[in-house]
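Take a look at the structure set out below.
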Amino acid sequence: MNVGLFYSEIWWEIGSPDLLHSLFSTISYNLEQNGWGSKYPYLLKKLYNSKIERGETEMALNEIMDIKEKFLSLSAQNMIWDIEETTKKVPLNYNYHLKAQNLAECFISVGEKNIIEKLIETLEWCTKKNFTLEIRREDDIYR
C-alpha cells in the first residue's frame, strides 16, 4: 500500500513506504552527524512519525529548503535505501537515481514528480493556509 502527503483533505501519492524511508534515511545519513532527527526534527521526527501541526510547517519548510540546497551539491551516488542497513541496494525497478545529476533529483514519486519539490510546495501551502501535514497510507486517507 502506497503512502502520500495528506493535508486539507488532499492526498498526494508518493509511492512505496520504502521510497519515503529512503528519502529520510538519505537525509539523516548524509546531513545529520548526531543521528536521526538531530538537525531536521520537524521532518525526520514529527512528519515521519506522525504529522506536522499548524504553526510548525514553516520550520519544516526551512528544513526541506536547507536539505535541497545541500543535496544539490551531493552526488546521486550518496542515495541510500535504508539507514538501518546501509548496504541494502536501491531496487532495480527504481532507477531514477541513475539519471540524476545530484542527490536532490533522486527521489521521484509514482506520478514522476520530484518529492523534495512537492514537499516544498506542500509546506508552503500548509504554512500559508495554516494546515497540518501528515503522511498517510492509501487505505487510511479518510480515517
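If you check every pair at least six apart or on different chains, which have Cβ atoms under 7 Å apart with a residue in the range 28-41 that is on the phi > 0 side of the Ramachandran plot first and a residue that is surrounded by fewer than 18 Cβ atoms within 10 Å (Cβ to Cβ) and assigned to a helix (DSSP H, G or I) second?
Pairs found: 37/45.
Under 8 Å between Cβ atoms, at least 6 apart or on separate chains: pull out the pairs that start in the range 110-126 with a residue that is in contact (Cβ under 8 Å) with a residue 60 or more places away in the chain and end on any residue that is crowded, with 16+ Cβ neighbours inside 10 Å and among the hydroxyl-bearing types (Ser, Thr, Tyr).
115/109; 118/109; 122/7; 123/57; 125/7; 126/7; 126/57; 126/132
Please work out if residue 104 is at negative phi and in contact with a Lys or Arg (Cβ under 6 Å, 6 or more places away or on another chain).
When the stated conditions are applied, residue 104 passes them.
When the residues of the range 5-18 are narrowed to those that are closer than 15 Å to residue 49 by Cα and crowded, with 20+ Cβ neighbours inside 10 Å, which ends up farthest from the chain's Cα centre (by Cα)?
Out of the qualifying residues, it is 6.
Can you tell me which residues in the range 2-24 are part of a loop (DSSP other than H, G, I, E, B) and among the hydroxyl-bearing types (Ser, Thr, Tyr)?
Correct list: 8, 16.
One residue is enough: does the range 77-98 have a residue meeting the conditions over 15 Å from the mean Cα position of the chain (by Cα) and at positive phi?
No, the range 77-98 has no match at all.
Keeping to the range 126-138, report how many residues are surrounded by fewer than 16 Cβ atoms within 10 Å (Cβ to Cβ) and under 18 Å from residue 65 (Cβ atoms).
So the answer is 1.
From the residues in the range 26-65 that are closer than 22 Å to residue 129 by Cα, under 14 Å from the mean Cα position of the chain (by Cα) and among the basic types (Lys, Arg), which one is surrounded by the fewest Cβ atoms within 10 Å (Cβ to Cβ)?
51
All but one of (1) modelled with pLDDT of 95 or more; (2) touching a His at 6+ places or on another chain (Cβ under 9 Å) hold for residue 90; which doesn't?
The failed condition is (1).
Residue by residue, here is whether (1) surrounded by fewer than 16 Cβ atoms within 10 Å (Cβ to Cβ); (2) more than 19 Å from residue 18 (Cα to Cα); (3) not acidic (Asp, Glu) holds:
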{"site": "79", "(1), (2), (3)": "no, no, yes"}
{"site": "86", "(1), (2), (3)": "yes, no, yes"}
{"site": "89", "(1), (2), (3)": "yes, no, yes"}
{"site": "110", "(1), (2), (3)": "yes, no, yes"}
{"site": "140", "(1), (2), (3)": "yes, no, no"}
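The values are calculated or read from the model by the stated rules, or taken from the named source; none is laboratory data. If you're wondering where the values come from, they're calculated on a predicted model, not measured in any experiment. A quick note on method: Cβ atoms are made from the backbone with ideal geometry, for glycine too, and the neighbour counts reach across all protein chains shown.
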